[in-house]
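No value in this document is a laboratory result; all are computed from the given coordinates. Fair warning: this is a prediction, and the values are worked out from it, not measured in the lab. A quick note on method: Cβ atoms are made from the backbone with ideal geometry, for glycine too, and the neighbour counts reach across all protein chains shown.
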Amino acid sequence: MTAPLLTEIDHVAIAVRDLDAAVAWYSETLGAHVTHREHVESDGVEEALLQVADSYVQLVSPTRADSPVAKFLDTRGEGLHHVGYRVADCAAALESITRGGGRVIDAVPRPGSRGTTVAFVHPKSSFGTLIELVEEAPPAGR
Ligand code: CO
């Protein structure tokens, strides 16, 4: 038995073509407001975080054609992109998943938005859903 690695749902990420239109819809229709907005150059995305209790809805939109989110929108269309789970220690969680035979996208943790440390688990080993591990601290040594 594996000890629980996931402490909370950090965010549910939804790929959208028009970030401003999606932000306006969530705000006007659902009353969910943006608490953080960031251009993540390394991923080629602009993201808006809307707080829901202790978690977020993360609306993501590509900023360039070679962004993975641009490819996702082309092949799958708008919709659920990944689920981000909080972990106490991203490196340890990644190591545990790899040891258990899980396929990962990031061999080592990397910087995420909001000063977090993140790593992605490949959807092929997690029944079709891209999983992001989120540690609420910047990578060690940064
Ligand atoms: Co995310």
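What to note about this one:
- Cα→Cβ-extended label distance, 7 Å offset, between Thr2 and Thr29, nm: 3.5 nm
- 14 Å beta-carbon shell around Ala22, net charge (K/R +1, D/E -1): -4
- Ratio Rg/Rh [Cα only; Rh per Kirkwood] for the chain: 0.96
- Taking other residues whose beta carbon is less than 15 angstrom from the beta carbon of Gly101, and scoring Lys, Arg as +1 and Asp, Glu as -1, yields +2.
- Treating r as the C-beta distance of His39 and Lys124 and R0 as 41 Å, the FRET efficiency rounds to 0.90.
- Relative exposure of Leu5, Leu133, judged by other C-beta atoms within 10 Å (fewest first): Leu5, Leu133
- When shorter helices are ignored and each DSSP H run of at least 4 residues is given -39500 (n - 2.57), the per-residue value for the chain at 222 nm works out to -6500 deg cm²/dmol.
- Rounded to whole numbers, the Karplus 3J(HN,Hα) couplings from phi for the range 41-49 are 4, 4, 9, x, 9, 10, 10, 10, 9 Hz, using 6.51 cos²θ - 1.76 cosθ + 1.60 with θ = phi - 60°, and x at Gly and Pro.
- When peptides 82-90, 40-48 are ranked by their average number of other Cβ atoms within 10 Å per residue, the highest-first order is 82-90, 40-48.
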